[in-house]
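Heads up: the structure comes next, in structure tokens.
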Amino acid sequence: MEILVANQSVSRESFRERPETRDVVERRLEKSSQACIDIARMLVRDIDGHAPGSNAATMRRLGEIDVLTDETAESMAEAAMFRNVLAHEYGDVLDQDVVYDALQDLGRYREFLVEIYDYLDEVGAL
């Protein structure tokens, strides 16, 4: 996450002009999203016995069972779908302005982790 935070100060124009920066940011966003997806899938499997078929549905399920707030669940569902775009490089779908905007919205990952921690603490799992 440190590398993503460090790149938040890069201007949108510089971001567009620096392919090395874009590559690093894209990969780190993909990895951060995947780590959250892995946590979510393990938790939902533990609670429900199985996880939904999609990563976005898994995040939304965490909202339904009050592990995450609805707002965080939906934000992370969007991050899960965006992870697919990053991981599978859907050609022209990958708009660098969208990637830059995602870079500026790292709070979703922090909020996810805080809410997961709070839930685990509440149920005595920590």
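The values are calculated or read from the model by the stated rules, or taken from the named source; none is laboratory data. The model shown is predicted, which means the values in this text are computed figures rather than measured ones. Virtual Cβ from ideal backbone geometry, glycine too; neighbours counted across all protein chains shown. These accessible areas exclude ligands, DNA and RNA; they are computed on the full protein's heavy atoms, side chains included. Shrake-Rupley method; radii C 1.70, N 1.55, O 1.52, S 1.80 Å.
Which is modelled with pLDDT under 95, basic (Lys, Arg) and either touching a strand residue (DSSP E or B) at 6+ places or on another chain (Cβ under 9 Å) or outside any loop (DSSP other than H, G, I, E, B) (or both), of Arg45, Arg41, Arg22, Arg28? Let's see the steps before the verdict.
Working: Arg45 fails: modelled with pLDDT under 95; Arg41 fails: modelled with pLDDT under 95; Arg28 fails: modelled with pLDDT under 95.
Just one listed residue meets the conditions, Arg22.
Here are Ala51, Ala87: which of them is under 19 Å from Tyr109 (Cα atoms) and small (Gly, Ala, Ser)? Working first, answer last.
Numbers: Ala51 fails: under 19 Å from Tyr109 (Cα atoms).
Answer to the selection: Ala87.
Pull up the range 4-39, narrow it to residues that are small (Gly, Ala, Ser) and in contact (Cβ under 8 Å) with a residue 40 or more places away in the chain, then point me to the one that is least open to solvent (accessible area, probe 1.4 Å).
Going through the range 4-39, the residues small (Gly, Ala, Ser) turn out to be 6, 9, 11, 14, 32-33, 35.
Right, trim to in contact (Cβ under 8 Å) with a residue 40 or more places away in the chain and you get 32-33.
Working: Ser32: 21, Ser33: 3 Å².
Restricting to residues being small (Gly, Ala, Ser) and in contact (Cβ under 8 Å) with a residue 40 or more places away in the chain, the top hit is Ser33.
Among the residues of the range 84-103, are any in contact (Cβ under 8 Å) with a residue 40 or more places away in the chain, assigned to a helix (DSSP H, G or I), within 30 Å of Ala125 (Cα to Cα) and open to solvent by less than 80 Å² (accessible area, probe 1.4 Å)?
no
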